[in-house]
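Colleague: Questions regarding the structure given below will be posed in turn.
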Amino acid sequence: MDVNNTLLTGVKPNQDGSRAATLRTRRGEVQLPTFMPDGTRGVVKSLTAEQVAGTGVQVVLANTYHLHLQPGEATVKKLGGLHGFGKWQGPILTDSGGFQVFSLSKLRKITEEGVTFKHPVTGEMRLITPESSMQIQLELGSDMIVAFDHLTGLDETEGGKTLEAFERTHRWLERCVTEFKRLTADMPASERPILFGVVQGGLDLELRRKSLELVQGSDVGGIAIGGLSVGETKEEMYRVLEFLSPLYDNSARPRFLLGVGDPPDIRYAIEHGIDMLDCVLPTRNARHATVWVEGDEKIHLTNAKFTEDTEVIDPGCDCYTCANGYSRGFLRHQFKVGEPLAGSLCSIHNLRYLTRICEEYRS
Ligand SMILES: [Zn+2]
């Protein structure tokens, strides 16, 4: 499918190992590199679509697992699909549901067919397969979708499990590609979502190399790097990213690192060839009064030293919150009394902080 090799245009390598490019999606262009906040349940927590767009964010990620369980993809579709539902009009990327099935479900059984798990609310048993993951993501109306993979690293560090997961991930990828083609056969190329294949292999570099080769050899539009930031050390994660960086092929496909959002990690990943990242970190930190300031430092606004601080979060920041003069003292007070506006204002700041990092690599 030639269309998969023309998704990126204007690819400009920088001396630091990063690259700038434009990604074409069915919902318009995305300037890379880019950070994508997690709109877990269809919205970025505590923010309207306009507030998210105001930070410079271009793509929002939604979680297939959560939306499948509640309210269900059929309901989301009736409410206008993800774009009509949460009113975000830019491109939306959905994950496969795999990460949550593996990380949140205590009772799960992995077979060749898929993963059976217990619904956390109703208690009924559910099965997600590579095919149903494709169906759910398309039903949700996602513009970029991710293949269903077997994640390791959360509690399975033995080599045997990693190898088994690696092999299964690639058998599942073939099934995802087949199902994706079946579901999108009647769509014009310009209206098809982009399918990302996922590179696994844990911390085993040889498995990572083979996994990348298999994903790059598949009929997918994007390369996703999974199974990192799941409990390993930063050094271990950096070692995998550094190892992979010279192995990416020259196809015009975006590279997406799942689940990484700490500013130094974002810089490291981008300087090792990554184009797209997502994480709950900026908004979750913000709701807990933790914000980034110049130099990637973190400050905790509930600290008593900010009680009478008239300064904004970061005087050099151009976000809505800082530009409008909301002081550290004001925010501290609102956090102390449980006013949700404080979390929203800090989410805006943190998203702008990460988006600005990405913008530096584009210019
Ligand atoms: Zn700010």
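Colleague: In nanometres, what is the gap between the two model label sites at residue 359 and residue 219, each 7 Å from Cα along Cα-to-Cβ?
Modeller: That separation, rounded to one decimal, is 4.1 nm.
Colleague: Counting pairs of Cα atoms in region 70-147, how many percent are more than 22 Å apart?
Modeller: More than 22 Å apart: 28 percent of the Cα pairs in region 70-147.
Colleague: How much FRET efficiency would the formula 1/(1 + (r/R0)^6) give for residue 242 and residue 171, where r is the Cβ-Cβ distance and R0 is 35 Å, rounded to 0.05?
Modeller: The calculated FRET efficiency here is 0.80.
Colleague: Please give me the summed charge of the neighbours of residue 256: other residues whose Cβ is under 9 Å from its Cβ, Lys and Arg +1, Asp and Glu -1.
Modeller: Net charge around residue 256: -1.
Colleague: Then there's this: Which shape class applies to region 224-267: rounded if a/c is under 1.5, otherwise prolate when a/b exceeds b/c and oblate if not, where a ≥ b ≥ c are the square roots of the Cα gyration tensor eigenvalues?
Modeller: prolate
Colleague: Counting pairs of alpha carbon atoms under 8 Å apart in space and at least six apart in sequence, what relative contact order in percent does region 52-199 give?
Modeller: Taking the mean separation of contacting Cα pairs over the length of region 52-199, I get 22 percent.
Colleague: Leaving out same-chain residues fewer than 8 places away, which aspartates and glutamates sit with a Cα under 12 Å from that of residue 298?
Modeller: By straight Cα distance, residue 298 reaches 262, 314.
Colleague: Let me ask you something else. Determine Rg/Rh for region 167-223; Rg is computed over alpha-carbon atoms and Rh is the Kirkwood hydrodynamic estimate from the same atoms.
Modeller: Reported Rg/Rh (Cα atoms, Kirkwood Rh): 1.04.
Colleague: Taking the chain as a whole, which cysteines find no other cysteine Cβ under 4.7 angstrom from their Cβ?
Modeller: Flagged as lacking a Cys partner: 176, 279, 319, 346, 358.
Colleague: Also, I was wondering about something else. Region 230-332: which chymotrypsin sites (Phe, Trp or Tyr not before Pro) are DSSP loop and have at most 11 other beta-carbon atoms within 10 angstrom?
Modeller: Passing both the DSSP loop test and the Cβ count: no residue.
Colleague: From the C-alpha coordinates alone, can you work out the Kirkwood hydrodynamic radius of the chain, in Å?
Modeller: Final number for the Kirkwood radius of the chain is 20.9 Å.
Colleague: Need the list of lysines near residue 305 for cross-linking: C-alpha distance under 29 angstrom, and skip anything on the same chain fewer than eight residues off.
Modeller: Leaving aside lysines fewer than 8 places away in the same chain, those within reach of residue 305 are 45, 336.
Colleague: Can you give the extra length, in nm with one decimal, that the chain gains between residue 209 and residue 250 once fully stretched, where that is 0.36 nm per residue apart less the Cα-Cα distance?
Modeller: Full extension from residue 209 to residue 250 adds 13.2 nm.
Colleague: Turning to a different aspect of this structure: Between residue 112 and residue 12, how many nm apart are label points set 7 Å from Cα along the C-beta direction?
Modeller: For the pair residue 112/residue 12, the computed spacing is 5.0 nm.
Colleague: Which percent of Cα pairs goes in each bin when the distances of region 243-288 are cut into 10 angstrom slices starting at zero?
Modeller: Values per bin, smallest distances first: 25, 48, 21, 6, 0.
Colleague: Could you tell me the center-to-center distance, by alpha carbons, between region 204-232 and region 39-59 in angstrom?
Modeller: 28 Å
Colleague: Sticking with this one: Which distance in Å, rounded to a whole number, links the C-alpha centroids of region 249-309 and region 100-139?
Modeller: So the two Cα centres are separated by 29 Å.
Colleague: For residue 12, what charge total do you get from the other residues with a beta carbon under 11 Å from its beta carbon, if Lys and Arg give +1 and Asp and Glu give -1?
Modeller: +2
Colleague: Dividing the alpha-carbon radius of gyration of region 197-345 by 2.2 N^0.38 Å (N being the number of residues), what value is obtained?
Modeller: The reported ratio for this selection is 1.31.
Colleague: Also: Quick one: net charge around residue 236, please, counting Lys, Arg +1 and Asp, Glu -1 for every other residue with C-beta under 13 Å from its C-beta.
Modeller: -2
Colleague: Provide the packing ranking of 13-20, 66-73, i.e. peptides ordered by the mean count of other C-beta atoms within 10 Å per residue, highest first.
Modeller: Final packing ranking: 66-73, 13-20.
Colleague: For region 74-126, which trypsin sites (Lys or Arg not before Pro) are in a loop by DSSP, counting at most 10 other Cβ atoms within 10 Å?
Modeller: The qualifying sites are 106.
Colleague: Also, quick follow-up: Which Rg and Dmax, in Å, describe the Cα atoms of region 1-72?
Modeller: Looking at region 1-72, its Cα Rg and Dmax stand at 15.2, 46 Å.
Colleague: In Å², what does the accessible area per residue of the chain work out to with a 1.4 Å probe?
Modeller: 42 Å²
Colleague: Please report the relative contact order for the chain, taking Cα pairs under 8 Å with a sequence separation of at least 6, and give it as a percent rounded to a whole number.
Modeller: 19 percent
Colleague: What percentage of the solvent-accessible surface of region 201-358, computed with a 1.4 Å probe over protein heavy atoms, is contributed by carbon and sulfur atoms?
Modeller: Its accessible area is 48 percent carbon and sulfur atoms.
Colleague: For 119, 300, write out the residues from largest to smallest accessible area, computed with a 1.4 angstrom probe and no ligands counted.
Modeller: The most accessible residue leads, giving 300, 119.
The values are calculated or read from the model by the stated rules, or taken from the named source; none is laboratory data. This one's a predicted model, so the numbers in the text were calculated from it and none came from an experiment. Quick reminder, even Gly has a Cβ in these numbers, built from the backbone with ideal geometry, and neighbours come from all protein chains shown. Side chains included, ligands, DNA and RNA excluded: accessible areas come from the protein's heavy atoms. Shrake-Rupley method; radii C 1.70, N 1.55, O 1.52, S 1.80 Å.
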